1. Restricting to the range 27-47, and then to whatever is of a type in the set (S, T, N, Q) and in contact with a Phe, Trp or Tyr (Cβ under 8 Å, 6 or more places away or on another chain), can you tell me which residue is surrounded by the most Cβ atoms within 10 Å (Cβ to Cβ)?
2. Can you name every residue in the range 50-74 that is closer than 15 Å to residue 90 by Cα and of a type in the set (A, V, I, L, M)?
3. Yes or no: residue 90 surrounded by 10 or more Cβ atoms within 10 Å (Cβ to Cβ) and under 13 Å from residue 39 (Cβ atoms)?
4. Would you check if residue 80 is touching a Phe, Trp or Tyr at 6+ places or on another chain (Cβ under 7 Å) and under 20 Å from residue 20 (Cα atoms)?
5. From 35, 96, which residue is among the polar types (S, T, N, Q), over 13 Å from the mean Cα position of the chain (by Cα) and modelled with pLDDT of 90 or more?
6. Which residues, taken from the range 28-54, are within 19 Å of residue 71 (Cβ to Cβ) and either assigned to a loop (DSSP other than H, G, I, E, B) or among the aromatic types (Phe, Trp, Tyr) (or both)?
7. For the range 19-48, enumerate the residues that are under 17 Å from residue 62 (Cα atoms) and charged (D, E, K, R).
8. Would you check which residues across the range 62-86 are assigned to a loop (DSSP other than H, G, I, E, B), surrounded by fewer than 13 Cβ atoms within 10 Å (Cβ to Cβ) and without any contact (Cβ under 8 Å) to a residue 60 or more places away in the chain and list them?
Amino acid sequence: MLASAGVDSPSLDWPSDVLPVFGCFEMVRRRADGSVFTPVFMSCADAQAALDKARAADPERAANFEVDVVPLPELLKIAVSGEAKVPPRVVPPSSSMLFLQGKGKHHPAL
């Protein structure tokens, strides 16, 4: 999956100063204006939930979809270069969005 996006697969030696983002480059969402984007999630759990939803909606098409992890700088290179067939869009963690809406739990470390 990553190779089709022009990104090498991540190694086990992930740099501690690089933010990973998660997504499936085969998934596409449509905006209200009709334009499309590939959702890339800051949360692995959110990416997996989106993948599960895609598989439930179209099991045959999404059967081989996988969640990939990409370093954020590589995703930015893809987005800026215009190489992606469908432009990526970073989706904030649902837990953060819920917290900002006053519906989430306060993290004990904060």
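The values are calculated or read from the model by the stated rules, or taken from the named source; none is laboratory data. This is a predicted model, so every value here is computed, not measured. Don't worry about glycine lacking a Cβ; one is built from the backbone with ideal geometry, like all the others, and counts go over all protein chains shown.
1. So the residue we want is 38.
2. Here is the first cut: in the range 50-74, the residues closer than 15 Å to residue 90 by Cα are 50, 67-74.
Scanning the range 50-74 gives 50, 67, 69, 70, 72.
3. Working: surrounded by 10 or more Cβ atoms within 10 Å (Cβ to Cβ): yes; under 13 Å from residue 39 (Cβ atoms): yes.
So residue 90 fits the description; yes.
4. Details: touching a Phe, Trp or Tyr at 6+ places or on another chain (Cβ under 7 Å): no; under 20 Å from residue 20 (Cα atoms): yes.
Answer is no for this residue.
5. On the way: 96 fails: modelled with pLDDT of 90 or more.
Being among the polar types (S, T, N, Q), over 13 Å from the mean Cα position of the chain (by Cα) and modelled with pLDDT of 90 or more holds for just one of 35, 96, which is 35.
6. 41, 42, 43, listed by residue number.
7. Matches in the range 19-48: 26, 29, 30, 46.
8. 63, 64, 82, 85 - these are the residues of the range 62-86 that are assigned to a loop (DSSP other than H, G, I, E, B), surrounded by fewer than 13 Cβ atoms within 10 Å (Cβ to Cβ) and without any contact (Cβ under 8 Å) to a residue 60 or more places away in the chain.
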